[in-house]
1. For the cross-link pairs LYS87/LYS173; LYS107/LYS154; LYS87/LYS135; LYS107/LYS173; LYS31/LYS82, which exceed 18 Å when the distance is taken from alpha carbon to alpha carbon?
2. What list of ³J(HN,Hα) values in whole Hz, one per residue of the range 72-85 in order, does the Karplus curve 6.51 cos²θ - 1.76 cosθ + 1.60 (θ = phi - 60°) give from phi, with Gly and Pro shown as x?
3. Please report the projected area of the range 84-181's Cα convex hull averaged over all directions, in nm².
4. Could you tell me what percent of the accessible area of the chain is made up of carbon and sulfur, with a 1.4 Å probe and every protein chain present?
5. Consider a paramagnetic label point 7 Å from the Cα of GLU115 along Cα→Cβ; state which residues of the range 60-104 have an amide N under 19 Å from it.
6. If you take all C-alpha pairs in the range 1-83, what percent of them are over 14 Å apart?
7. For the chain, what is the accessible area per residue in Å², given a 1.4 Å probe and the full set of protein chains?
8. With r defined as the distance between the Cβ atoms of VAL6 and LYS28 and R0 fixed at 25 Å, what FRET efficiency is calculated, to the nearest 0.05?
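The values are calculated or read from the model by the stated rules, or taken from the named source; none is laboratory data. As the structure is a computational prediction, the values presented were derived from the model and not from experiment. Please note: Cβ atoms are built from the backbone with ideal geometry, for glycine as well, and neighbour counts cover all protein chains shown. What goes into the accessible areas is simple: the full protein's heavy atoms, side chains included, and nothing from ligands, DNA or RNA. Shrake-Rupley method; radii C 1.70, N 1.55, O 1.52, S 1.80 Å.
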Amino acid sequence: MSRIGVRPITIPTGVEVTVEENNVIKVKGPKGELCQPIDANLTVEIEENVLTVKRPTDSKHDKAQHGLGRTLINNMVEGVSKGYEIKMTVNGVGYTVAKQGDTLVMKLGFSHPVEMKDPAGITTETPDATTIIVKGCDKAEVGNYAANIRAWRKPEPYKGKGIIYDGEVVQKKEGKSGASA
């Protein structure tokens, strides 16, 4: 039995879930609207604000799709009701971030500032000069945009300079020893 797939999803008030043809799930809520197709073999049932996902057989493929389908639907429900956010910190001398309209401007040690325009459905905030907060209702898009921001300056292991996720621990390496033979 799937440990994740059999769990029911409680739909909070203000969130509307509909199942359309070809198993396309649409979720509307206060934070936005999301749409996701899931495997055609799965059955989605909604009864009194409780959503359950069922599979037809115990084949390896159906078991894998059962857990995946349930998780995708749960992420959509949670995203349109609460939203997702990723917090990052910029470490390094002279490394700063600022917001200009819907563009994130980062000074990361290059000869020019790096500018990234926020994609549709995602917002970025800079509460101070070294913090970036990425917010949105689609978990995958928020994570992908945060990874694209981080790719400009991944943390380096000697001084720890770069863009670091909140809670991430950068393993620092020991530099060269100064003794010569």
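1. Values: LYS87/LYS173 25 Å; LYS107/LYS154 14 Å; LYS87/LYS135 9 Å; LYS107/LYS173 25 Å; LYS31/LYS82 7 Å.
Listed pairs above 18 Å: LYS87/LYS173; LYS107/LYS173.
2. Result, ordered by residue: 4, 5, 4, 5, 5, 4, 5, x, 7, 9, 9, x, 10, 8 Hz.
3. Values: hull surface 30.4 nm².
Mean shadow area of the hull around the Cα atoms is 7.6 nm².
4. Numbers: 5490 of 11100 Å².
C and S atoms contribute 49 percent here.
5. From the range 60-104, the list is 96-104.
6. On the way: 1963 of 3403 pairs.
That tail contains 58 percent of the Cα-Cα pairs.
7. Numbers: 11100 Å² over 181 residues.
With the other protein chains kept in place, the chain gives 61 Å² per residue.
8. Values: r = 26 Å, r/R0 = 1.02.
Once the sixth-power term is evaluated, E becomes 0.45.
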